[in-house]
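In what follows, a structure is listed as structure tokens, so that the remarks can point back to it.
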Amino acid sequence: MESILSILDSIFRPVVAFFTRTFGYAMSCEQYIESLQKEMGELRSKRDDVKREVDREARQGMEATNEVMLWLQNVERLEEEAARITDDFETHYANPAADDSRSKLVVSYHLSKRAEDACGEATVLKTKSHFNKVADRLMPIRFEERPSALTVGMDSMIEQLRKACDDDVGVIGIHGMGGVGKTALLNRFNNEVLVQVAHLDVVISVKVTRNFDVEKIQREIGDRIGLSWDERKSDDERSMVLFKVLSRMRFVLLLDDLWEPLDLSIVGIPTPTGASKIILTTRIEDVCDRMDARKMRMECLEWEDAWELFEKKAGRGLGTLLRGDPDIRRHAEDLAQRCGGLPLALITLGRAMASKRTAKEWHHAVTTLANTPWHLLGMEESVLQPLKLSYDKLNDDRLKTFLLYASLLMNKMPMHNATVINLCIGEGAINEFDDPEDAYSKGYHLLGVLKAASLLESSGDDYVQMHPFVRAMVSWIICEHGKKDGKWLVQVGTGLAEVPDYEKWEHAERVSLVSNEICSLPEDPYCPELLTLLLSRNYELSKIPNSFFLSMPRLKVLDLSRTSIKELPPEIGKVLTLQHLDLYETNIASLPKELGNLVKLKSLLLSSTPLLKEIPHGVIARFTELRVLSMNDSYGNWRVSSSGPGINFEELEGLKRLRYLDITLQNASTLQRLSRARRLSMSTRYLHIRGCLGLTTIHLPSTSLGRYMKGLRGLRISQSSILEEIIVGGGSTIGEWSLLPNLHVLILQHLLKAKFVFRDRNFQNLRFLYVWYCIGLEQLVKFEDELSEGQESEVITAFPHLKELHLASLPELKSLGGERVLAFPCLRVLEVKECPKLKELSITGDGLTQICCKQEWRDGLEWKDEKIKEALFPLFTPLQ
């Protein structure tokens, strides 16, 4: 019997248990949900404890172990399942009448079963919440090789970079124009040098690019050093983690292609010290400065390296072609030279020419590169578009105007800063300014920005030059990215004897034929779109046809400087849109009265036109929009009386918007009138006193020279037989303007009797002094308190900032400072020509680099002081 009961119990107990459990699931769903919520609450507490531990370790540069990460992921997954169960329960019981009793029991059964399973999993996870360790120290891969390409001519830069890394410098900035090879340099340095530095923990390389964000950089650095990415953390939290980790490492961070300074603290990068370094590359020099980086400029290749790179990229067959055809060699060298040493251009052009086999194909490539380089294979996408990124970065339209005119003026030769600035003033890029110094300061600032952006380059103190491919990039942009080639007609310094064909003028907006050998112009070119016409430095051009200007209704800028033209046709008065007219250094003798129709004229340049004798009455007065009037060494017959020859000075005084004035004056009364006209005086930049009628003494400064002329930069006094003294300093000074704060250039020329007398013993701001053809001058500088006989000589610093001193055709000059020794602390160049009685140089100058003179004059010098001779003798440079 017992055995029968045992058998029945083993059969029916599971059945009873099943039905009991099933009934319980169906009838007690709410209890199961409550149990689940209780278990999940406890599990969340365990999870929060574990996460706090993980976060604490992460702040110390550690990262969660795989075991902990898996546990947290399982908890997160279970949380999502529990939330779904709860949502389904609330939805089911929100409207009890919606289901019949049978379906309700079925739903309750399934919900209870899910809740019980989840509750069991939560219990298991709670038991596994105790870990021996929650985090490990990161072990990043120390070094990763970077993709590298063929490099030529980089050995010296690699060595400079190596030495900079050895020095106690944290941040190194490599700057240079686009395509010069900065990225290639960085990759090569990474692969060849950094891989050998055993004491580094990690080398991190980040490509920044223009549109970077902090999160992207943090992610790349974090990935490189093995940190996992947590989307829930803020930038600040990630920054703290990165800072902790990197602070414990010896790292080198390579930041390639920076366009803006990067705030290291925001990203989480500690300021590098000791073995740690940051090496960045950028096109913009200011980025280096603003990140306190030691700067290294990356230049284009020298010719030998450029030719080597071009040859390698043009393929193995080029050598055979060059040996077999001298024409191909000539064209190939021409092409390589036109690349200006820019590696990106040399590589692209070399590849484009690899399949060319005939001299005609190579000649075609030379012509295309000179005029429309974007038509050559690969040039647009590989060279011009990358360079355009620098152009697009310019956030000021004035910068783009400056770059435009620089590209119109320059080919291979540098261009004076003032030439570019003058054109941009005429174009209106610099429009509103209070004084001439302000206008030119703005101009120099804008040029400086372009140089810092690697779009222009310095060439000496006052000159800039442009890389040929920056110029090509600007022309490509003007031609609407190569879609309208005819908008740009620029052939600078190409030896043209005639202007290009008429057809090329029809759609042109910018025409520049500067520095050619053009001697005649077309009668009536049709140029309805023309905005700019530059014909400067065509020295053989002597005449402009009467009808030349009739079909130029939009012309704004006209440059005829340094030509031989003697007059302007009256028809120029029909170009009513003209804003800038440059006649500098021409043979112009008179101006047509029709010029007065150009009421929009903002800039009129007439300096160095000594033949200009006639300006019709009323013409100057009609230029009511004029900002710049330059007439140095030009027309000077101004009058202040109501009648008589010359133009009434009132015409100048009526130019209310004039802010820049170079002027030539020929008598004392006009000089006095200018000194009383405060607005004109403050606008005066260069003053030429010619003839000096009525002047026997000139004080510098005085009520005539110095009261309001704070912007005066150049003073020329010439052609006088009665001027006896030019007195510097003393009693005729007026307050704050007494020192002529901006006078940099002083020229004394053809003064038959004049002496240079110092009262205050110094002329603080003078940079350049020229004394020519002053046949009565015996001593360059006389002092009112001259030394008495037997008195010990002293050293006087009369010109503390003088850079150049030029003395020529002074037949009576015997000494520079009498018995005194003149000190020139900033003098670089001394030139002496035709001063036969000057037998002694009693001067000192630590910065002096050359004394230009004829050898026979040097050999005849007498030296009282052997130390002075020792210092000066190696500096003599013979004049030809």
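The values are calculated or read from the model by the stated rules, or taken from the named source; none is laboratory data. Please read all numbers here as calculations on a predicted model, not as lab measurements. Because the Cβ atoms are built from the backbone with ideal geometry, glycine has one as well, and the counts that use them run over all protein chains shown.
Each row is one residue, and each column tells you yes or no for (1) at pLDDT 85 or above; (2) touching a strand residue (DSSP E or B) at 6+ places or on another chain (Cβ under 8 Å).
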{"site": "L423", "(1), (2)": "yes, yes"}
{"site": "I430", "(1), (2)": "no, no"}
{"site": "P436", "(1), (2)": "no, yes"}
{"site": "K451", "(1), (2)": "yes, yes"}
(message) Being more than 22 Å from M291 (Cβ to Cβ), in contact (Cβ under 8 Å) with a residue 40 or more places away in the chain and buried (at least 20 other Cβ atoms within 10 Å of the Cβ) is the requirement here; does V245 meet it?
(response) no
(message) Can you tell me which condition M415 does not meet? The list is (1) in contact with a strand residue (DSSP E or B) (Cβ under 9 Å, 6 or more places away or on another chain); (2) farther than 18 Å from G178 by Cα; (3) surrounded by 24 or more Cβ atoms within 10 Å (Cβ to Cβ), and all the others hold.
(response) (3)
(request) Only one of these is under 20 Å from L626 (Cα atoms) and of a type outside the set (D, E): L521, L534, L576, L550. Name it. (result) L576
(request) Scan E381, E304 and give me the residue that is surrounded by fewer than 16 Cβ atoms within 10 Å (Cβ to Cβ) and closer than 27 Å to I478 by Cβ. (result) E381
(message) Restricting to segment 166-201, name every residue that is of a type in the set (V, I, T), crowded, with 17+ Cβ neighbours inside 10 Å and under 14 Å from I279 (Cα atoms).
(response) V171, I172, I174, T183
(request) Could you look through segment 634-662, keep only residues that are part of a loop (DSSP other than H, G, I, E, B) and among the aromatic types (F, W, Y), and pick out the one that is farthest from I425 (Cα to Cα)? (result) F649
(request) For segment 702-716, enumerate the residues that are in contact with a Lys or Arg (Cβ under 8 Å, 6 or more places away or on another chain) and crowded, with 23+ Cβ neighbours inside 10 Å. (result) G711, L712
(request) Count, please, the residues in segment 532-556 that happen to be aromatic (F, W, Y) and either under 37 Å from the mean Cα position of the chain (by Cα) or closer than 18 Å to G428 by Cβ (or both). (result) 2
(request) Would you be able to tell me the number of residues in segment 594-619 that are in contact with a Gly (Cβ under 8 Å, 6 or more places away or on another chain) and surrounded by fewer than 16 Cβ atoms within 10 Å (Cβ to Cβ)? (result) 2
(message) I want to confirm something. Restricting to segment 331-375 and keeping residues that are aliphatic (A, V, I, L, M) and in contact with a Gly (Cβ under 6 Å, 6 or more places away or on another chain), which single residue is nearest to A314 (Cα to Cα)?
(response) A354
(message) Please go through segment 307-330 and give me each residue that is within 13 Å of G350 (Cα to Cα) and either in contact (Cβ under 8 Å) with a residue 60 or more places away in the chain or surrounded by 11 or more Cβ atoms within 10 Å (Cβ to Cβ) (or both), ordered by number.
(response) W307, E308, L309, F310, E311, K312, K313, A314, G315, G317, L318, G319
(request) Give the number of residues within segment 741-757 that are within 20 Å of L827 (Cβ to Cβ) and either at pLDDT below 75 or small (G, A, S) (or both). (result) 0
(request) Please go through segment 361-400 and pick out each residue that is polar (S, T, N, Q) and either in a helix (DSSP H, G or I) or within 16 Å of the chain's Cα centre (by Cα) (or both). (result) T367, T368, N371, S382, Q385, S390, N395
(message) Looking at (1) of a type outside the set (S, T, Y); (2) assigned to a loop (DSSP other than H, G, I, E, B); (3) surrounded by fewer than 18 Cβ atoms within 10 Å (Cβ to Cβ); (4) touching a Phe, Trp or Tyr at 6+ places or on another chain (Cβ under 8 Å), which one does K837 not meet, given that it meets all the others?
(response) (4)
(message) On the basis of being assigned to a loop (DSSP other than H, G, I, E, B), over 30 Å from S390 (Cα atoms) and in contact with a Lys or Arg (Cβ under 6 Å, 6 or more places away or on another chain), does L200 make the cut?
(response) yes
(message) Could you go through segment 435-448 and let me know if any residue there is surrounded by 17 or more Cβ atoms within 10 Å (Cβ to Cβ), touching a helix residue (DSSP H, G or I) at 6+ places or on another chain (Cβ under 9 Å) and not in a helix (DSSP H, G or I).
(response) yes
(message) So, S129, is that one outside the structural domain of A453 (by TED's automatic domain parsing), buried (at least 18 other Cβ atoms within 10 Å of the Cβ), modelled with pLDDT under 80 and of a type in the set (S, T, Y) or not?
(response) no
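The rows are residues; the columns are (1) at pLDDT below 90; (2) among the small types (G, A, S); (3) under 30 Å from G448 (Cβ atoms).
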{"residue": "G315", "(1), (2), (3)": "yes, yes, no"}
{"residue": "D334", "(1), (2), (3)": "no, no, no"}
{"residue": "G340", "(1), (2), (3)": "no, yes, yes"}
{"residue": "L344", "(1), (2), (3)": "no, no, yes"}
{"residue": "G350", "(1), (2), (3)": "no, yes, no"}
{"residue": "H364", "(1), (2), (3)": "no, no, no"}
{"residue": "H375", "(1), (2), (3)": "no, no, no"}
{"residue": "P386", "(1), (2), (3)": "no, no, yes"}
{"residue": "Y391", "(1), (2), (3)": "no, no, yes"}
(request) Would you mention how many residues in segment 663-673 are touching a Leu at 6+ places or on another chain (Cβ under 7 Å) and either assigned to a strand (DSSP E or B) or within 18 Å of S607 (Cα to Cα) (or both)? (result) 4
(message) Given the criteria part of a loop (DSSP other than H, G, I, E, B), in contact (Cβ under 8 Å) with a residue 60 or more places away in the chain and not acidic (D, E), does C300 qualify?
(response) yes
(request) Scan segment 557-578 and give yes if some residue there is among the basic types (K, R), surrounded by fewer than 22 Cβ atoms within 10 Å (Cβ to Cβ) and within 38 Å of the chain's Cα centre (by Cα), otherwise no. (result) yes
(request) Restricting attention to segment 465-488, report how many residues are surrounded by 22 or more Cβ atoms within 10 Å (Cβ to Cβ) and at pLDDT below 90. (result) 1
(request) Tell me which of these S234 doesn't satisfy, since it passes every other one: (1) surrounded by 15 or more Cβ atoms within 10 Å (Cβ to Cβ); (2) polar (S, T, N, Q); (3) closer than 27 Å to N66 by Cα. (result) (1)
(request) Would you be able to tell me the number of residues in segment 762-804 that are modelled with pLDDT of 90 or more and basic (K, R)? (result) 2
(message) I'd like to check something: does segment 260-267 contain any residue that is assigned to a loop (DSSP other than H, G, I, E, B), buried (at least 20 other Cβ atoms within 10 Å of the Cβ) and either of a type in the set (A, V, I, L, M) or at pLDDT below 95 (or both)?
(response) yes
